1. Could you tell me the calculated FRET efficiency between B:Ala82 and B:Ala47, based on Cβ-Cβ distance and R0 = 25 angstrom, to the nearest 0.05?
2. Over the whole of A:122-132, what's the average partner chain Cβ count within 10 Å per residue? Rounded to a whole number, please.
3. What percent do you get for the relative contact order of region A:62-162 when only Cα pairs under 8 Å and 6+ apart count?
4. Per 5 Å bin from zero, what fraction in whole % of the C-alpha pairs of region A:37-188 is there, up to the bin with the longest pair?
5. To the nearest 10 degrees, how steep is helix B:45-55 against the longest Cα principal axis of chain B, on a 0 to 90 scale?
6. What percent do you get for the relative contact order of chain B when only Cα pairs under 8 Å and 6+ apart count?
7. What FRET efficiency would be calculated for the residue pair B:Val55, A:Met152, taking the C-beta separation as r and a Förster radius of 30 Å, to the nearest 0.05?
8. Using a Gaussian network for chain A with springs between C-alpha atoms less than 10 Å apart, which of these wobbles most: A:Lys88, A:Lys110, A:Lys119?
Amino acid sequence: MEPSSIPQSIPQPTLEDKVRALEQRLAALEERAPEDRVSLIVFSGDLDRVLAAFVIATGAAAMGQQVSMFFTFWGLAVLKKSTELSGKSFFQKAMAVMSPGSSESLPVSKMNYFGVGAKMLRTMMKQRNVTSLEGMMQLARELGVRMIACEMSRDLMGIQPAELQDGLECGGVAAFLADSLKSRTSLFI
Amino acid sequence: MSQIFDRVLDARGLNCPMPLVSARKEIGNLEPGQILKVLSTDRGSVADFQGWAKVAKNVELVGQETETMDGASVYVHFVKRAS
């Protein structure tokens, strides 16, 4: 028996092969590396929470991050500009009547007292020279923040596209995930 | 020695995130290498500008100081447009 002939039969990868394999792995990793991107889900329609979402969005955009905001369920009220009752089902009409008609009539999450709390907060913000929610939304648009309205919850609640502000995108879970999977930070607000 | 600068942004009276957002807008009007001086009364802006410079690739924080103007603290930031 000659055992010394066995190692010779195994083909050794050349250095070139190794480098090529490493390059491929590096390219695959780079493809999956997070970008300078922040993704926010705005689920809440509470003035205080939405305000926090827009402070983060405008701040991140100013810092040079790409920002995506995905508005769903109660968060859709933030994007409303009008209310249209025709063409809605009974429940949808009831929901439309009981929900805020635009960002200006959002309640606060605590101590709302039928809107008095929200009015108080807005007055306090004005006194302290904090930018209003509407001002921040305008700013977010100027800074190129991507705003996506969730198609499923919009349809479910019977909110018509014409009731929402102009210049929005619509999309579903994949539209959000496509951005959030590439983000360093994703928040659910 | 006081820091040299090319442009001044008066963000006094503005609150978070406005000092940062307005500085971001203003720095776009500068040439690469030029320095923007930002005046702010927002105490949080000190950490905010440090964070901005850490994250953004084209911005460099070359100095920060606190001055007292009309009895109030003013936070001064010197931001350089790197590229």
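1. 0.80
2. Taking all residues of A:122-132 together, the mean is 2.
3. Worked out over region A:62-162, it gives 44 percent.
4. Bin by bin from 0 Å, the calculated values are 2, 10, 19, 22, 20, 15, 9, 4, 1, 0.
5. So the helix axis and the longest Cα principal axis differ by about 10 degrees.
6. Taking the mean separation of contacting Cα pairs over the length of chain B, I get 34 percent.
7. 0.35
8. Of the options given, A:Lys110 has the highest mean-square fluctuation.
Here, each number is a calculation from the coordinates, and none is a lab measurement. Quantities reported herein were computed from a predicted structural model and do not represent experimental measurements. Backbone-built Cβ (ideal geometry, glycine too); neighbour counts: all protein chains shown.
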